[in-house]
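Engineer: Can you read through this structure? Questions will come right after.
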Amino acid sequence: MTVNECTYRRVLLKLSGEALMGKESHGISREVLEYLTGEIKGLSRLGVQLGLVIGAGNIFRGVAGAADGMDRAAADQMGMLATVINALALHDALERQGIAARVLSAIPMPTVCEAFSRQKALHHLNKGRVVIFGAGTGNPYFTTDTAALLRALEINADLVCKATRVDGVYDKDPLAHPEAVRFDSLTHPEVLARRLKVMDAAAISLALDNAMPIMVFNMMTPGNMQKAVTGDQIGTLIKGA
């Protein structure tokens with residue numbers, strides 16, 4: 001299969017920080033990194049242009065810090081820095097597997113990685129490099145979900161892939177409620193009206209306003225990433241009405 005046979009040729013993949021923990025209680029699992037690089041390598045072979053946004057829940061969550069009494073802006077800034085740690089870890093794992101990658105940070109830190117600009121991101125993508133976006137939006141009070149939609153729009157992505165621990169969007173948490181019902185498809189307004197916890201409302205609203213489809217699937221099922229870009233029905237597809 002080639003990129004010409006893919007339904008989506010430029011994709012933004014959103015990963016949670018918690019996903020990087022694997023079976024650990026915190027930090028970054030080498031096993032998960034190796035698995036992710038293998039899946040990403042499959043996309044690279046297809047010629048798919050890939051951007052990534054990673055959360056920081058495995059290291060520090062700004063919302064949790066604020067709930068513990070920290071100033072929200074300071075806590076969010078700590079969370080944004082933590083996303084850069086995750087981005088650097090994934091960058092190293094990809095480069096060691098021969099996959100060209102770049103980290104672009106919304107918070108300038110020139111001795112560590114490149115500062116984000118739309119022009120740089122598009123340049124690297126067109127050169128076939130995986131682009132990892134760090135530091136969220138660079139501003140407090142915005143989640144990495146919102147950062148993922150923002151970056152997807154800036155790079156003119158065809159699809160946002162939200163990789164999770166479950167195989168789609170349910171009417172309630174399937175890990176806590178075995179009777180939960182999975183949706184094969186939803187519209188952006190339905191997600192907002194039902195208050196489904198797919199992404200935060202700001203992210204879904206951005207997707208709605210710009211007709212950006214979102215596919216939610218289980219990242220730990222081998223081959224799911226390739227199935228997503230080829231248009232196979234996996235997980236839940238969220239799109240316009």
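Rule-based calculations on the coordinates, nothing more; no lab input. What you see is a predicted model, and the numbers here were worked out from it, not measured in a lab. Here Cβ is always computed from backbone atoms with ideal geometry, including for glycine, and neighbour counts include all displayed protein chains.
Engineer: In the chain, once you exclude exposed GluC sites (Glu not before Pro) (DSSP loop, at most 15 other Cβ within 10 angstrom), what's the longest stretch remaining?
Structural biologist: Excluding the exposed sites themselves, the longest stretch runs over 25-178.
Engineer: While we're on this one: State the antiparallel share, in %, of DSSP beta bridges confined to the chain, rounding to the nearest 5. Kindly include the intermediate steps, with their values, before the conclusion.
Structural biologist: On the way: 5 of 34 bridges.
Of the beta bridges lying entirely in the chain, close to 15 percent run antiparallel.
Engineer: Grab the other residues whose beta carbon is less than 14 angstrom from that of Leu94, score K and R as +1, D and E as -1, and report the net.
Structural biologist: Details: positive: Arg30, Lys41, Arg45, Arg96, Arg102, Arg129; negative: Glu34, Glu39, Asp92, Glu95.
Neighbourhood net charge equals +2.
Engineer: Arranged by the count of other C-beta atoms within 10 angstrom, fewest first, what order do Ser25, Ser105, Ser185, Ser205 take?
Structural biologist: Ordered by Cβ neighbours within 10 Å, fewest first: Ser25, Ser185, Ser205, Ser105.
Engineer: Still on this model: I want the local charge near Leu33. Using Cβ-Cβ distances under 15 Å, sum +1 for each Lys or Arg and -1 for each Asp or Glu among the other residues.
Structural biologist: Values: positive: Lys23, Arg30, Lys41, Arg96; negative: Glu18, Glu24, Glu31, Glu34, Glu39, Asp92, Glu95.
Summing Lys/Arg as +1 and Asp/Glu as -1 gives -3.
Engineer: Here is a further query. Of Lys23/Lys162; Lys41/Lys172; Lys23/Lys120; Lys127/Lys197, which sit over 29 Å apart, Cα to Cα?
Structural biologist: Checking Cα-Cα distances, Lys41/Lys172; Lys23/Lys120; Lys127/Lys197 exceed 29 Å.
Engineer: Same structure, new question: Taking trypsin sites (Lys or Arg not before Pro) as exposed when DSSP calls them loop (any state but H, G, I, E, B) and at most 12 other Cβ atoms lie within 10 Å, what is the longest stretch of the chain free of them, the sites themselves excluded? Before the final figure, lay out each step's value.
Structural biologist: On the way: sites that count: Lys23, Lys127, Arg165, Lys172, Arg195, Lys197.
Maximal segment without exposed cleavage sites: 24-126.
Engineer: Still on this structure: Given the options Ala64, Ala228, Ala56, which has the most mean-square fluctuation in a GNM of the chain, springs set between C-alpha atoms less than 10 angstrom apart?
Structural biologist: Comparing Ala64, Ala228, Ala56 in the GNM, the peak value goes to Ala64.
Engineer: Mind jotting down the distance between the C-alpha centroids of segment 4-29 and segment 178-194, whole Å?
Structural biologist: Taking the Cα centre of each part, segment 178-194 and segment 4-29 sit 22 Å apart.
Engineer: If you don't mind, there's one more thing I want to ask. Quick test of the membrane-span-like rule: which DSSP H helices of the chain reach at least 30 Å along their long axis (C-alpha atoms) with mean Kyte hydropathy at least -0.5?
Structural biologist: Span-like helices here: 72-96.
Engineer: Tell me whether the chain comes out rounded, prolate or oblate; compute the Cα gyration tensor, take square roots of the eigenvalues as a ≥ b ≥ c, and use a/c under 1.5 as the rounded threshold.
Structural biologist: It is rounded, given that a/c, with a ≥ b ≥ c, falls under 1.5.
Engineer: Could I ask something else about it? In debye, nearest 20: dipole of segment 1-141 around its Cα centre with unit charges on the Cβ of K, R (+) and D, E (-)?
Structural biologist: 580
Engineer: If you rank Asp76, Asp167, Asp209 by fewest surrounding Cβ atoms within 10 Å, what's the result?
Structural biologist: Asp209, Asp167, Asp76
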